[in-house]
Amino acid sequence: MDFALFHNLSIGFGVALSLQNLMYCFIGVLLGTLIGVLPGIGPVATIAMLLPVTFNLSPISALIMLAGIYYGAQYGGSTTAILVNLPGESSSVITCLDGYQMARQGRAGPALAIAAMASFFAGTVATVVIALFAPPLAEVALKFGPAEYFSLMVLGLVGATVLAHGSLVKAIAMTILGLLLGLIGTDVNSGIARFSFGLSELSDGIGFVIVAMGVFGFAEIVSNLEQGASRDVFVNKVTGLMPTWKDLKSSSGAILRGTALGSMLGILPGGGALLSSFAAYTLEKKIGDTSMFGKGEIRGVAAPESANNAGAQTSFIPLLTLGIPSNPVMALMIGAMMIQGIAPGPQVMTERPELFWGMIASMWIGNLMLVILNLPLIGMWVKLLTVPYRLLYPSILLFCCVGVYSLSNQPFDVMLTALFGLIGYVFVKLECEPAPLILGFILGPLMEENLRRAMLLSRGDASVFFTKPISGVLLGIAILLLLITLAPAVRKTREVAFQE
Amino acid sequence: MRRLIGLMLPLFLALGLTLACAGASAQNYPSRPIRLVVPYPPGGPLDIMARAIGQKLTEAWSQPVVVDNRAGAGGNIGADLVAKSPADGYTLLMGAVATHAINPTLYGKLPYDPVKDFTPVALVAQVPNILVVNPSVPAKSVKELIEFARARPGHLNFGSGSTGSTGHLAGELFKTMAGVQMVHIPYKGGAPAMADLLAGQVQLMFDNLANALPNVRAGRLRALAVTTLARSPAMPDLPTIAESGLPGFDLTTWFGLMVPAGTPPEIVLKLNQEIVRALNAKDMRERLDKMGTEPPANNTPEHFAAFIRTEAAKYAKVVKDSGAKVE
């Protein structure tokens, strides 16, 4: 077994280290980083645009480049999240919470550096995981049916309330609001358009990017402008570009936990990688000294970053072993493979080992290239923050609008983002946090879809959520978590009642 | 006399130039980039074929053919966009069975008229669907499946990529013609449906051939039949549903190029000829072969238009019988 692994890896590196494939890997990760930084336009749009280019490339070069774009975008997305509170990718939303706060305290450099290092570590480990455990992990993924997905999402939602560090009631309210927003769109089972007000643009729901950009990015710009010139702190208090030893020590545990969680959740087709950064943050908040979370805690950057990168790598597993895409990017990769005449499925590993192992080897090389690319750039990004805000914010707004428009070429989308910016500003004024809203928005529709599908399959028997082992365990943990979260609040009320 | 000639000459010149220009508009076509609207998200088989054809047209005419993905509302958004575009041959639609045969009956109201607003140009591909079952189902042929299903009414689940897709309607037609009861489980796309089929949550599926083939070859799924009237060249040993006890069963997923109604016939003909030439190129034939089909025979605009009419009538009945509706 060990000898076989060594043999396979040597095939893989032999393919990946050819000059041509190294070049394509570099192009891919560079492009990926750039589009990750640019808000709105993401790996899906870029890969779609580059598909015709791949017609003329060899299969392995095409796949190496496209894969590089995908996980490169994870690196780039955290940059804007930390610098200007704009999540470039959906998985960077959580990085905004503490990363941006760190930037406000002049610690943008360490935040960016830890993000890059955490991502590199996670990417490396995840690549090893794929190399060793891809087929058995795929089987585990298949054990997750609708009931298990539903219970996992209930667990995620209960964890959402933990995301906020303010009032619990407000967090629950935001989560429910997010759930309601997620309901907009066409129902899978009946085909009826809900809350679309007759507009065909809303018949497929509101895009995640629109909500995230509006509520995080635009709202932040508006409230910054309201506060005037108090952004000097970003620049004047810059204490250094690299993390201190203390930073590294406290992040190491977070990175390990985030990598483990991300690797496990990434293999689940359908939203696994997205959930991983939320889950890692939630886990960190339950461990150790949690006083600084939401105010610039470095673990709040390290954990989600390692989780989302690990999740991005392991989301290749269902594709490479079963031919099932876990997200829209993987669906495009299938398209690219089919252009080359390769039918993605279980036999790719055995019939074309150079493809499978070459991709795995190049993932590792890509991660190395990315960390070498990103660390020196930190100085440049921090310099960018010194640009006067009156010049910076129009360019941010412009990039956002272009990015949002590039999603579906609809001006409606841009107007909707502006509306969410207004809503987000109202939230800032009411001191309601947007993170639980985003989580509710993502999880709500998935929960509903899986709930109804599980009920359809069980012919209306609701006990299936508890009788299926994995589902039962997940629901049990969710109930436990709920009790732990509510218990202090109950105790406090009882104390107040006693005092009176 | 001189004054007469002086008057008539510019008139004749103007007339001559105008005639030359009118003819030149078709002869000069295309003189600027062409937009090919694909009403689905990037990466699917329809999108890939659209990009491949776009590439071939670009090479032939030295004018870029740009694919514009306008997904949503089951393909209606993209179709509506082209229906309302100018009929000058610079906006094409990759229309499909969904936009022109199924949706008119499936959706109560469409913002476009699939017959009046479009001029069909050329059929690109007619892809068969294949009936696959999870190995846990003990049926090895369509006949055995029907017996198994009849003995257990309401027990079997069949998955599909969305309500109103050909996978869904194939299942409904199967239920009606075979007289069995199965429960339809809709998914958001073919991939999650395939995942649950492999896991055994649903027992069967009418998936398109290219998607299902790898898992059939690996032994994770059993293929029972194809949904077309004729056997597929990619799997010549696989019987059709029609010859397995349900004569007349014929369902395919097709897509083809269309332009807005009123486009000059010379442009339509020029497009048709180039597309047919592209489809018969060696690499396109290989691509179509991998999808389980071959370039359509007798591919003229009139033939395509007649095909769309029969398909629309057929699906009108299937959708109505199934009771599926989208609002």
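Worth a mention:
- Against the test of being part of a helix (DSSP H, G or I), touching a residue at least 24 places away in the same chain (Cβ under 8 Å) and under 18 Å from the mean Cα position of the chain (by Cα), the options A:Gly72, A:Gly40 yield a single qualifying residue, A:Gly72.
- Scoring B:Leu13 on the criteria (1) at pLDDT 70 or above; (2) more than 30 Å from B:Leu288 (Cβ to Cβ) leaves a single failure, condition (1).
- Within the set B:Asp207, B:Asp196, B:Asp250, the sole residue that is among the acidic types (Asp, Glu) and surrounded by fewer than 20 Cβ atoms within 10 Å (Cβ to Cβ) turns out to be B:Asp250.
- Of all residues in the stretch B:177-193, those being in a loop (DSSP other than H, G, I, E, B), crowded, with 21+ Cβ neighbours inside 10 Å and within 10 Å of chain A (Cβ to nearest Cβ) number 1.
- Among the candidates B:Thr310, B:Thr227, B:Thr240, residue that is free of Cβ contacts under 8 Å to residues at least 40 places away in the same chain, buried (at least 17 other Cβ atoms within 10 Å of the Cβ), away from chain A (no Cβ under 14 Å) and hydroxyl-bearing (Ser, Thr, Tyr): B:Thr240
- In the stretch A:402-442, residue surrounded by the most Cβ atoms within 10 Å (Cβ to Cβ) [restricted to those that are among the hydroxyl-bearing types (Ser, Thr, Tyr) and within 25 Å of B:Val38 (Cβ to Cβ)]: A:Thr417
- A count restricted to the stretch A:400-415 and to residues that are more than 14 Å from chain B (Cβ to nearest Cβ) and in contact (Cβ under 8 Å) with a residue 12 or more places away in the chain stands at 6.
- Of all the residues in the stretch B:287-302, those that are surrounded by fewer than 17 Cβ atoms within 10 Å (Cβ to Cβ), within 15 Å of the chain's Cα centre (by Cα) and of a type outside the set (D, E, K, R) number 0.
- Residue check for A:Val215: at pLDDT 85 or above, touching a Pro at 6+ places or on another chain (Cβ under 6 Å) and under 30 Å from A:Gln410 (Cα atoms): yes
- In the stretch A:335-363, the qualifying residues are those that are small (Gly, Ala, Ser) and either more than 16 Å from B:Arg217 (Cβ to Cβ) or in contact with an Asp or Glu (Cβ under 6 Å, 6 or more places away or on another chain) (or both), and the one that is farthest from the other protein chains (Cβ to nearest Cβ) is A:Ala361.
- Residue count, the stretch B:149-168 (criterion: among the aliphatic types (A, V, I, L, M) and within 13 Å of another protein chain (Cβ to nearest Cβ)): 1
- The stretch A:228-253 - residue that is surrounded by fewer than 17 Cβ atoms within 10 Å (Cβ to Cβ) and of a type in the set (Val, Ile, Thr) and, of those, modelled with the lowest pLDDT: A:Val233
- Residues considered: A:Gly253, A:Gly311. Of these, the only one that is touching a residue at least 24 places away in the same chain (Cβ under 8 Å), farther than 20 Å from A:Ala131 by Cβ and away from chain B (no Cβ under 14 Å) is A:Gly253.
- Some residue of the stretch B:90-97 being touching a residue at least 24 places away in the same chain (Cβ under 8 Å), farther than 23 Å from B:Ala306 by Cβ and in contact with a strand residue (DSSP E or B) (Cβ under 9 Å, 6 or more places away or on another chain): yes
- Of the strands (runs of 3 or more DSSP E) lying entirely inside the stretch B:38-144, those containing at least 1 residues that are among the aromatic types (Phe, Trp, Tyr) and in contact with a helix residue (DSSP H, G or I) (Cβ under 8 Å, 6 or more places away or on another chain) are B:118-133.
- For the criterion of being buried (at least 24 other Cβ atoms within 10 Å of the Cβ), of a type in the set (A, V, I, L, M), more than 27 Å from A:Leu30 (Cα to Cα) and within 12 Å of chain B (Cβ to nearest Cβ), A:Leu332 fails.
- All of A:Gly403, A:Gly421, A:Gly366 fail the test of being touching a Leu at 6+ places or on another chain (Cβ under 9 Å) and more than 30 Å from B:Gly219 (Cβ to Cβ), apart from A:Gly403.
- Residue match in the stretch A:138-152 (condition: crowded, with 16+ Cβ neighbours inside 10 Å, assigned to a helix (DSSP H, G or I) and β-branched (Val, Ile, Thr)): no
- Residues that are of a type in the set (Ser, Thr, Tyr) number at least 1 in the following helices (runs of 4 or more DSSP H) confined to the stretch B:225-327: B:301-322.
- Residue count for the stretch B:197-209 satisfying the condition of being more than 7 Å from every other protein chain (Cβ to nearest Cβ), assigned to a helix (DSSP H, G or I) and either farther than 11 Å from B:Ser136 by Cβ or in contact with a helix residue (DSSP H, G or I) (Cβ under 7 Å, 6 or more places away or on another chain) (or both): 1.
- Residue under evaluation B:Pro138, criteria (1) farther than 30 Å from B:Arg285 by Cβ; (2) modelled with pLDDT under 90, criterion not met: (2)
The rows are residues; the columns are (1) within 14 Å of another protein chain (Cβ to nearest Cβ); (2) farther than 26 Å from A:Asp413 by Cα; (3) acidic (Asp, Glu); (4) surrounded by fewer than 19 Cβ atoms within 10 Å (Cβ to Cβ).
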position: B:Ile34; (1), (2), (3), (4): no, no, no, no
position: B:Val38; (1), (2), (3), (4): yes, no, no, no
position: B:Met49; (1), (2), (3), (4): yes, yes, no, no
position: B:Ala52; (1), (2), (3), (4): yes, yes, no, no
position: B:Ala60; (1), (2), (3), (4): no, yes, no, yes
position: B:Val66; (1), (2), (3), (4): yes, no, no, yes
position: B:Gly72; (1), (2), (3), (4): yes, no, no, no
position: B:Gly75; (1), (2), (3), (4): yes, no, no, no
position: B:Asp80; (1), (2), (3), (4): yes, no, yes, no
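- Conditions (1) under 18 Å from A:Met292 (Cα atoms); (2) out of contact with any Asp or Glu (no Cβ under 6 Å at 6 or more places or on another chain); (3) modelled with pLDDT of 90 or more; number of the one not met by A:Gly106: (3)
The values are calculated or read from the model by the stated rules, or taken from the named source; none is laboratory data. It should be emphasised that the depicted structure is a prediction, and the values quoted were computed from it without experimental measurement. Heads up, the Cβs are rebuilt from the backbone with ideal geometry, glycines too, and the neighbour counts pull from every protein chain shown.
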